[in-house]
Amino acid sequence: MPASDMHKQKGETNPSALAGILDVPPFSLEHKEKAALYLRALSDLTKRHYAGCPRYKRLLDALGFEPGRAKSPEDIPFIPVRLFKEYDLLSVDRSQVVKTMTSSGTTGQSVSKIFLDRDTAANQTKVLAKVVSSFIGKKRLPMLIIDSKAVIKDRNLFSARGAGILGFSMFGYDVAYALDDRMRIDIPLILAFLEKHKGEQILLFGFTAIIWEHFCAALKTAGTRLPLENGLLVHGGGWKKMAEQAVDNEAFKKALRDVCGVARVCNYYGMVEQTGSIFMECEAGHLHASIFSDVLIRDHRDFSSLPAGRQGLIQLLSLLPSSYPGHSILSEDLGRILGEDDCPCGRKGKYFMVYGRIKNAEARGCSDTYANSAR
Amino acid sequence: MPTAPDNRITYLVGKSGGELSAAPLVPYDELACEFLGSLSAALLADKAAKLYPDVISFAYWCRKANIARLRREFAEPNVRLGLGMVFHIAPSNVPINFAFSYAFSLLAGNANTVRVPTRDFPQTGIVCAAINQLLANEKYKNIADMTVFIKYQQDDGITGEFSGKCAARIIWGGDQAISNIRKLPIPERSREIAFADRYSFCVIDAGGVLLADKAALSRLAGSFYKDTYLMDQNACSSPHLVVWLGKGAAVKEAKEKFWNGVYEATAAKYELQPVNAVDKYTLLCENAIELDTITGFTKHGNYLYRAELGSLPGNMEALRGKYGFFYEYNAKELDSIAHIVNTKYQTLTYFGVEKARLRDFVVKNRLSGIDRIVPVGSALDIGVIWDGYDIVRSLSRIIELK
């Protein structure tokens, strides 16, 4: 098997999973080709992590899975995302780790820790560029980040949020921050920025909940309407807080149109465990898997893979993680595949929608009276 | 008696301010028994109650005939009276236990101040409404004077005030809750019963399973389902570990027969939530990563997970499954597992094993734990004997008369 031979060569710069596909257009593979690629590439990654990460090996052994045994991508085991919060999972020597990313958990919550070696970190950047440019074009745009610069200045805050801002900054130039250090909207700064780039297309970027609270709501309160008809807004980070306020994608877009008239709003879905290979919302309003990632929907009753149209748990596949076993993870989100290779936007691959986080059931049983009520 | 502390307390039953008459009754007092029988009838006739199997099982337990049977079986040679005011701190997660706690103490002859769970369980409202309706009846005036149900957010000041005036305190809760509440003193002569966090397991004889015909097996599987899935294995008396007795080949065959039966019962009845499936799978992964004693996992869909143990760890009680996740172990002899039992162990459920053998296991091995030995299917059947206590006797005093 030539693919696995490639692992053995020392000093290899690119893991085999991505070999040969970094130059392939990101939404070009049809089902059959992609399935063949994924079977080979994910099997290789599984072998690599099995050999390099003792905890991953114990898990696969317990599940009775032999790496290399998979007959289809569906057979590759997945690990629950929560494990990245509980254990340090890495498949390379710690000396190879150049960056450790953490999820943006609120204080007191445990956070995911993701260990990146040079290759994985570099591939995240390359793949993010390929995927995103399919939606916003290759040309750099003047960029307004709807967040505070403090997020990337403060190392303590350097988490998925900081990494997201830095990652997306490469698509823009003359980058400005719309919020001050205390997360207050800086309307004069924004107006000056728009005046400077009058007539140009503007790229806006931010996190969904932050845009909602510190941009939409703040502009509404201020009674200001910004002239952003030339804007293109990309946002992600999850809908958990929005769902609590019963705000869906449509309501979010409408609120944005009301306060700034932004023409195109593009959501993305992704996890810190699979940074880079994100899923972007197309012109038809669908989230898309690129050739670097895929989704499977699992029936919670037996984890069988569900066909398009059925709701279930979202399993995320990515070809990027080579320094940690995050190539196949089970999310805590519910979703549904809408179709494959036939989205009106013309992109190949699966397109899907996300319903949001699985609900926490009420615990039954006689656990702690005190601890529960004290919280 | 407690004077109105403040508006942090909601009085669900009884006078605002929580005043009550603490004068005790004899155990199984006629009016108290009649009252519980009426409460049973009221709940069984209540449409809202029908939605809650736990309310129905409480109602069924306190039905007239059962209380009459308990009264007969009490057969107390001594003169007894209740203690006075008993302060109950109900568990926050088991909705119905406040009602059982109250009923046991009333049968012992006590006045009661019951703190119900803080969370809004519909069961609380249903039971309190039925009690209020009955207590409005002049006939039950004496019981009404002895009954207060309260609800408040955890507050040491309030708990301390009631504790300082009670003749007995009953605490249901985890170890941390109990040690925190114990810092709040009760009067010198007062008693305390703490229903702490416990661990339970099941012993099945492979031969017994192999002898069972289809109907018996399906009954057994249904009984096991009731002990475990009904409360997502969160009840203290739900087993987490199944110990198989018998020789290798027989055990192997019995396991298959038994677990397939359980899986069928589960797939037909259990509503597995996506979040539970993820939690369960996560636990399996954690176990796989952390535990050397596990020799293999068997999954029956996501309804039933089994972890086979090659040896029993010393802290077996730390291994707890949820939503249908069981540890199992093959033992040639029951005595060979005696070393794992400690004071945490509460209920041993059994199938195909003689009672005498189980009694000997506990007594001859001089075990510090195991307070209940009941057939598979009865794990959750709470009663006046619970957790090693005879609650009616523990909550009443003897008047020695010579």
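The values are calculated or read from the model by the stated rules, or taken from the named source; none is laboratory data. Since the structure is predicted, the reported quantities are computational estimates derived from the model, not experimental observations. Cβ sites come from the backbone with ideal geometry, for glycine too, and all protein chains shown count toward neighbours.
Some points to look at:
- The requirement of being of a type in the set (Val, Ile, Thr), outside any strand (DSSP E or B), surrounded by 22 or more Cβ atoms within 10 Å (Cβ to Cβ) and more than 14 Å from chain B (Cβ to nearest Cβ) is fulfilled somewhere in the range A:275-289, by at least one residue.
- A:Lys57 vs. criteria over 14 Å from A:Leu330 (Cβ atoms), among the basic types (Lys, Arg) and under 19 Å from the mean Cα position of the chain (by Cα): no
- B:Ile89 vs. criteria buried (at least 20 other Cβ atoms within 10 Å of the Cβ) and of a type outside the set (Lys, Arg): yes
- Top-ranked residue in the range A:59-85 [being assigned to a helix (DSSP H, G or I) and within 7 Å of another protein chain (Cβ to nearest Cβ); ranked as farthest from B:Lys299 (Cα to Cα)]: A:Leu83
- Residue check for B:Ile143: β-branched (Val, Ile, Thr), within 12 Å of chain A (Cβ to nearest Cβ) and surrounded by 20 or more Cβ atoms within 10 Å (Cβ to Cβ): no
- The range B:68-86, subset in contact (Cβ under 8 Å) with a residue 24 or more places away in the chain and either within 14 Å of chain A (Cβ to nearest Cβ) or in a helix (DSSP H, G or I) (or both), residue surrounded by the fewest Cβ atoms within 10 Å (Cβ to Cβ): B:Ala68
- Selected residue (only one of B:Ala356, B:Ala338 is of a type in the set (Gly, Ala, Ser), farther than 24 Å from B:Glu286 by Cβ and touching a residue at least 24 places away in the same chain (Cβ under 8 Å)): B:Ala338
- Search result, residues across the range B:359-376 that are part of a loop (DSSP other than H, G, I, E, B) and without any contact (Cβ under 8 Å) to a residue 24 or more places away in the chain: B:Arg366
- Residue match in the range B:68-75 (condition: of a type in the set (A, V, I, L, M) and at positive phi): yes
- Test: residue in the range A:198-209 that is surrounded by fewer than 15 Cβ atoms within 10 Å (Cβ to Cβ), over 10 Å from A:Met143 (Cα atoms) and either aliphatic (A, V, I, L, M) or within 26 Å of the chain's Cα centre (by Cα) (or both): no
- Restricting A:Ala192, A:Ala163, A:Ala243, A:Ala217 to those that are farther than 24 Å from A:Lys99 by Cβ and surrounded by 14 or more Cβ atoms within 10 Å (Cβ to Cβ) reduces the list to A:Ala217.
- For the range A:50-64, the criterion of being over 26 Å from A:Asp299 (Cβ atoms) and loosely packed, with under 14 Cβ neighbours inside 10 Å is met by at least one residue.
- Residues located in the range B:331-350, provided they are surrounded by 20 or more Cβ atoms within 10 Å (Cβ to Cβ) and part of a strand (DSSP E or B): B:Tyr345, B:Gln346, B:Thr347, B:Leu348, B:Thr349, B:Tyr350
- Answer from B:Arg366, B:Arg359, B:Arg306 - the residue that is in contact with an Asp or Glu (Cβ under 7 Å, 6 or more places away or on another chain) and of a type in the set (Lys, Arg): B:Arg306
- Selection count where residues are crowded, with 16+ Cβ neighbours inside 10 Å and under 18 Å from B:Ala48 (Cβ atoms), scope the range B:113-140: 12
- The range B:87-107 - residue that is of a type in the set (A, V, I, L, M) and closer than 16 Å to B:Ile171 by Cβ and, of those, nearest to the chain's Cα centre (by Cα): B:Val94
- A:Lys99 satisfies every condition listed in (1) more than 17 Å from the chain's Cα centre (by Cα); (2) outside any strand (DSSP E or B); (3) among the basic types (Lys, Arg) except (2).
- Taken together, B:Ala42, B:Ala65, B:Ala32 contain a single residue that is assigned to a helix (DSSP H, G or I) and exposed (fewer than 15 other Cβ atoms within 10 Å of the Cβ), which is B:Ala65.
- Residue under evaluation B:Asp175, criteria (1) surrounded by fewer than 22 Cβ atoms within 10 Å (Cβ to Cβ); (2) under 27 Å from B:Lys344 (Cα atoms); (3) at pLDDT 95 or above, criterion not met: (3)
- When the test is whether a residue is under 24 Å from A:Ala251 (Cα atoms) and in a helix (DSSP H, G or I), A:Ala163 does not pass it.
- Selection status of A:Leu338, buried (at least 24 other Cβ atoms within 10 Å of the Cβ) and of a type in the set (A, V, I, L, M): no
- Scan of the range B:274-305 for residues that are more than 7 Å from chain A (Cβ to nearest Cβ), among the aliphatic types (A, V, I, L, M) and surrounded by fewer than 19 Cβ atoms within 10 Å (Cβ to Cβ), ordered by number: B:Leu291
- Residue within the range B:344-351 that is under 24 Å from B:Pro375 (Cβ atoms), of a type in the set (Val, Ile, Thr), out of contact with any Cys (no Cβ under 6 Å at 6 or more places or on another chain) and more than 14 Å from chain A (Cβ to nearest Cβ) present: no
- Total residues in the range B:256-293, condition outside any loop (DSSP other than H, G, I, E, B), over 26 Å from the mean Cα position of the chain (by Cα), in contact (Cβ under 8 Å) with a residue 12 or more places away in the chain and more than 26 Å from B:Gly207 (Cβ to Cβ): 3
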